[in-house]
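*Asks:* Before we start, here is the structure in question, set down as structure tokens.
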Amino acid sequence: MKHLKLLVSIVLIALLSTASMVAMAQDDGEEEEPPELGTAEDLEVTEEELEAALEALGEDGFIGVVACTYSTEYHSTVAESAEAYATEKGLNVRTFDSEINVETQISGIENFVSDGAQVIVVCLFDPPSVQSALEEAAEAGVMIVQYAGRDMADLGGVTISVEDADMGYAAGQYAAELINEELDGEAQVAILDYPDIANVVIRADAIRAAIEEIAPDAEIVGNYLGGTADNGLTSMETALIEHPDINVVVSINDAGALGALQALENAGRDDVIIVGIDAEQQAIDLIEEDTMYKGTVDTAPARTGEMTIDAAVKLLAQAEIPQNIAVPVNLITAETLADEE
Amino acid sequence: MTGLSTTMSGSGQRRVMHSLAEYGFVVMFFLWAVYLTLATDNFATTNNIFTILRQAAIIGITAIGAHFVILMGDMDLSAAAVISLSGVVMGEAMVNQGFAPIPAALAALVVGALVGLVNGLIVTKLRINAIITTLGTSSILSGIAFTITQGKTIYGERGNDPIDKIEFLSRNRVLWDWVPVPVIILFACYIIAFIVLRYTAYGARVYAVGNNERAAWLSGIKVDRVRIATFVVAGALAGFAGIMQVARQGTATAGMGADFLFPILTAVVLGGASLRGGRGKVFSTLVAAIFLTSINNGMVLLGIDIYTQNIVSGVILVVALSMDRLRTLRL
């Protein structure tokens, strides 16, 4: 009897966890509408605004850039580009590396405030922990520009970030254009997804939307687990067994797409169109070398850095700007790489 | 007569229950395979079966080490981090330091074995719980791997990629160009593991330590030495799996092993090894690793929505694991 109870309770736990997962899956579908987004055009700085900003800063005032870290390419590029761009405009700017450490970031913000920063440009990796430091800064009259996230709207800060939907759409759009140009609009498409992360799901949905809209005759055979090279590889090996005619792979990131490329090459394929997101160096090399890898979407770190400074200037000049601004994404293909050279 | 037949049927029932407990997951595996054979066109094809076996190789090989450690009643949570670190060492040595494949592979294996040695020494000499120890080393290893790669992917120049030299470990087929190399390696590792556990003094000592450490010590077994050796074996096997994974994905990244920890431990537990040590069959771990791989394979073949896949694999696992509880049922 005791063991029967044990079995029953195991089954109950299984059922309960299933039910809660189903409930969670449904919750995901009921997210709030995202806020209206401004564009890069809203940040175009006029001569008068720049002068007003320089005057507002005066001799001692400065723009403080608080980076999440300098140890990844994306983050160091944003911060360095912001610094270079501000210096070029004649604005006083100082930078600080939070080293992905909450305590370091808090003291960095506090030091900037007490040193007379008028605008703080900040990247947040743990928003709730740093909120009170930013609230104090805001109370002291410091204006806040957040990049690579949208958590500071409550504090009246401006946020500047790449939208996952834009990245997904750009990747899907390019794949769809290639389907129309090279495959007469017909293709079997696999989407590599990573549903554990909500933002990534937005990318995958946007990829699907773009393909359905621009290449309506292409068949999307399924969403498969990607995100890492091994997942992309394993999923593609299995997907090819069920759908040997897959000839387009669009992935929510480059890592998964690179795994898929390996699986496709192992299967002796050389006729597949692969598009990823993130602009990893390996992906860029493969695009340049004219392989099956045709495109990747750049998160535009340098542009992000410049836009944070434009936003700071606008705030200093007391110009009106939208609270949330999207960074335009950048598609990298063999053509864009050739143009750069 | 009646009394005797009742007893016989009672013991018969017990036997059925016992073997269900021992091989319950095999029954689940069988049902799952039959269902997939009927429901999909491609499950029971040689191509797909070899794909599953190939995909099971990394988990399967590392699970041998985990199996040995669990037989002693310990637990090694650092296996996944060892896969990452030795993979990164392999990639770094070949691509950026110009090592030939064999020295690079030796370096990767030594890294794995050294980690095992450190784990073993901490567990036996400092008397720190193996779970805590290996959780700690796991974090250190992952940090080292990220320091080496700086978060970037290690890969060679296309057409002149040193990693191509070990690609045969993943891509080639042997035996009349039919069986993939990783499948051969996987089975060879299990046969060796079986022989070691069954026919060597070391194997007997592992079981003895797992069954009753004190009794083993009293009978003259150098318990600490057996435990350290077992951690070294587990580390080296995980290191080997790291090499195999580099061959498989053609690149190395600091997080390349991270997703493997759960399936490795699940394979050992699903295969019926007792977490208290002393009991477990290594071939059951192999079957469990293949079963686990077939779950994901089957769901892709069935075209199950990616969001639903976690639910299905969770249910299959819970049911398979609860069969193990039949062991304790008395009828």
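The values are calculated or read from the model by the stated rules, or taken from the named source; none is laboratory data. Predicted model only: the values in this text are computed from it and were never measured. No Cβ is skipped: glycine too gets one built from the backbone with ideal geometry, and neighbour counts run over all protein chains shown. These area figures cover heavy atoms from the full protein model, side chains too; ligands, DNA and RNA do not enter into them. Shrake-Rupley method; radii C 1.70, N 1.55, O 1.52, S 1.80 Å.
*Asks:* Can you tell which of A:ALA255, A:ALA279, A:ALA317 is among the hydrophobic types (A, V, I, L, M, F, W, C) and either open to solvent by 30 Å² or more (accessible area, probe 1.4 Å) or over 18 Å from A:THR228 (Cα atoms) (or both)?
*Replies:* Just a single option satisfies the conditions, and that option is A:ALA317.
*Asks:* Please verify whether A:ASP245 is surrounded by fewer than 24 Cβ atoms within 10 Å (Cβ to Cβ) and either more than 7 Å from chain B (Cβ to nearest Cβ) or over 21 Å from the mean Cα position of the chain (by Cα) (or both), treating the condition exactly as stated.
*Replies:* Criteria met by A:ASP245.
*Asks:* Just the residues that are assigned to a helix (DSSP H, G or I), touching a Lys or Arg at 6+ places or on another chain (Cβ under 9 Å) and more than 10 Å from chain B (Cβ to nearest Cβ), please, taken from region A:248-294.
*Replies:* A:ILE287
*Asks:* Out of the residues in region B:287-300 meeting the condition of being among the hydrophobic types (A, V, I, L, M, F, W, C) and open to solvent by 10 Å² or more (accessible area, probe 1.4 Å), tell me which one is nearest to B:PRO263 (Cα to Cα).
*Replies:* Only one residue tops the list, namely B:LEU292.
*Asks:* Quickly run through region B:253-276 and pick out the residues that are in a loop (DSSP other than H, G, I, E, B), within 11 Å of chain A (Cβ to nearest Cβ) and either among the charged types (D, E, K, R) or surrounded by fewer than 24 Cβ atoms within 10 Å (Cβ to Cβ) (or both).
*Replies:* Answer for region B:253-276, where residues must be in a loop (DSSP other than H, G, I, E, B), within 11 Å of chain A (Cβ to nearest Cβ) and either among the charged types (D, E, K, R) or surrounded by fewer than 24 Cβ atoms within 10 Å (Cβ to Cβ) (or both): just B:GLY255.
*Asks:* Name the single residue, out of those in region B:22-39 being within 14 Å of chain A (Cβ to nearest Cβ) and open to solvent by 10 Å² or more (accessible area, probe 1.4 Å), that is farthest from B:ALA238 (Cα to Cα).
*Replies:* Selected residue: B:ALA39.
*Asks:* Test B:LEU326 against the stated conditions and say whether it is modelled with pLDDT under 85 and either open to solvent by less than 10 Å² (accessible area, probe 1.4 Å) or within 14 Å of chain A (Cβ to nearest Cβ) (or both).
*Replies:* So B:LEU326 fits the description; yes.
*Asks:* Picking from B:LEU197, B:LEU186, which residue would you name as being at pLDDT 95 or above, open to solvent by less than 40 Å² (accessible area, probe 1.4 Å) and in a helix (DSSP H, G or I)?
*Replies:* Criteria check complete, one pass: B:LEU186.
*Asks:* Only one of (1) open to solvent by 10 Å² or more (accessible area, probe 1.4 Å); (2) more than 14 Å from every other protein chain (Cβ to nearest Cβ); (3) not acidic (Asp, Glu) is not met by A:ASN223, so which one is it?
*Replies:* (2)
*Asks:* Let me ask something additional. Being over 18 Å from A:ALA338 (Cβ atoms) and small (Gly, Ala, Ser) is the filter here; which residues of region A:273-297 pass it?
*Replies:* Within region A:273-297, A:GLY276 is the sole residue that qualifies.
*Asks:* Let me ask something else about it. Looking at B:ALA93, B:ALA105, which is the one that is free of Cβ contacts under 8 Å to residues at least 40 places away in the same chain, under 29 Å from A:GLU280 (Cβ atoms) and open to solvent by less than 30 Å² (accessible area, probe 1.4 Å)?
*Replies:* B:ALA93
*Asks:* Okay, moving on. Collect the residues in region B:124-173 that are closer than 30 Å to A:ASP290 by Cα, open to solvent by 20 Å² or more (accessible area, probe 1.4 Å) and under 21 Å from the mean Cα position of the chain (by Cα), keeping them in residue-number order.
*Replies:* Within region B:124-173, B:LEU169, B:ARG171 qualify.
*Asks:* Still on this structure: For region A:179-221, give me the residue count where each residue is in a helix (DSSP H, G or I) and over 26 Å from the mean Cα position of the chain (by Cα).
*Replies:* 3
*Asks:* Next up: Residue check: is A:PHE112 aromatic (Phe, Trp, Tyr) and open to solvent by less than 50 Å² (accessible area, probe 1.4 Å)?
*Replies:* In short, yes.
*Asks:* Continuing with the same structure: Taking region B:301-315, which residues are among the aromatic types (Phe, Trp, Tyr) and open to solvent by less than 40 Å² (accessible area, probe 1.4 Å)?
*Replies:* Correct list: empty.
*Asks:* Give A:THR39, A:THR18, A:THR72 a once-over and let me know the one that is within 30 Å of B:VAL319 (Cα to Cα) and either open to solvent by less than 40 Å² (accessible area, probe 1.4 Å) or at pLDDT 55 or above (or both).
*Replies:* A:THR18
*Asks:* Is it true that some residue in region B:230-252 is open to solvent by 70 Å² or more (accessible area, probe 1.4 Å), in a helix (DSSP H, G or I) and at pLDDT 90 or above?
*Replies:* For region B:230-252, residues open to solvent by 70 Å² or more (accessible area, probe 1.4 Å), in a helix (DSSP H, G or I) and at pLDDT 90 or above: absent.
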